[in-house]
Amino acid sequence: MLYSGAGETDAGSAYPMWGTFPIDSNRIEIPGAAGEITALKWISSKVLQFRKNSLYIINVEDVLAPSVVNVYQGMGIHGQWAVTETAYGCAWVNDTGVYAYNADEGKARSLTLGRIDVEDFQANSPHAYTKIGYDDRAKMLIITNSTKYDTDG
C-alpha cells in the first residue's frame with residue numbers, strides 16, 4: 001500500500017517528500033498478506049485494508065512506523081461498493097453477512113451472525129454486486145443487490 005502526504009513541501013518535514021512516483025519509504029507492506037487490496041477506509045488513526053478474504057486493521061498514527069493491529073479472516077469484500085462509513089465507524093457486506101468496525105472499541109464484528117443464515121443471505125450471488133449504504137437520519141444500513149446485466153424476472 002502506498003501513501004502520500006497532503007501538502008508537505010518543507011524538506012525538513014518529519015515525513016518523506018512525495019513526488020509522482022513515491023520512494024520505497026512511502027510503502028506499507030503487510031507480511032504474509034495474500035490477494036489484491038479491494039478497498040480502503042480511514043477510521044480515526046487506522047486504515048482498514050480490505051482484501052477479498054480478509055481485513056487488516058493498520059495503525060497509522062505514526063505513518064513512518066505503521067503496525068498491523070488485527071487481521072480478520074473471512075471479513076474481506078469484493079470492492080469499494082461493499083463498504084460504507086457510519087456514525088460509529090464503518091460497515092461492510094460480503095458473501096457471508098454484514099460486518100461493522102466500531103472505532104471507539106477498535107473491533108470488528110458480525111451484525112448477521114445468529115440472525116440470518118449464510119444460505120439465506122445470498123450476497124454477491126453470481127452476476128450481482130451487493131452494495132451497502134448508511135442513512136444517518138434513520139441510523140440504518142441499506143443493503144441491495146444489483147445484477148451486472150438484465151435478466152427476466
- Task: Return yes when ILE77 is modelled with pLDDT of 90 or more, of a type in the set (A, V, I, L, M, F, W, C) and assigned to a loop (DSSP other than H, G, I, E, B) and no when it is not.
- Result: yes
- Item | The lone exception for ILE57 - which of (1) in contact (Cβ under 8 Å) with a residue 40 or more places away in the chain; (2) of a type in the set (Val, Ile, Thr); (3) in a loop (DSSP other than H, G, I, E, B) it fails | (3)
- Task: Check off (1) at pLDDT below 85; (2) part of a loop (DSSP other than H, G, I, E, B); (3) open to solvent by less than 90 Å² (accessible area, probe 1.4 Å); (4) more than 27 Å from ALA34 (Cα to Cα) for ASP152 and give me the number that stays unchecked.
- Result: (3)
- Do any residues in the stretch 93-104 that are charged (D, E, K, R) have Cβ atoms under 9 Å from those of residues that are open to solvent by less than 30 Å² (accessible area, probe 1.4 Å) and not in a loop (DSSP other than H, G, I, E, B), where the two are at least six apart or on different chains, and which pairs are they? ASP95/THR130; ASP104/GLY89
- Looking for whichever is in contact with an Asp or Glu (Cβ under 6 Å, 6 or more places away or on another chain) and either surrounded by fewer than 21 Cβ atoms within 10 Å (Cβ to Cβ) or among the hydroxyl-bearing types (Ser, Thr, Tyr) (or both) here; the options are SER67, SER54, SER45. Which one fits? SER45
- Task: Quick one: in the stretch 70-100, of everything that is of a type in the set (Phe, Trp, Tyr) and over 21 Å from ILE28 (Cα atoms), which residue is most open to solvent (accessible area, probe 1.4 Å)?
- Result: TYR88
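The values are calculated or read from the model by the stated rules, or taken from the named source; none is laboratory data. Note that the structure is a prediction, hence the values are computed from the model and not measured. Virtual Cβ from ideal backbone geometry, glycine too; neighbours counted across all protein chains shown. To get the accessible areas, we keep the full protein, side chains included, count just its heavy atoms, and leave off ligands, DNA and RNA. Shrake-Rupley method; radii C 1.70, N 1.55, O 1.52, S 1.80 Å.
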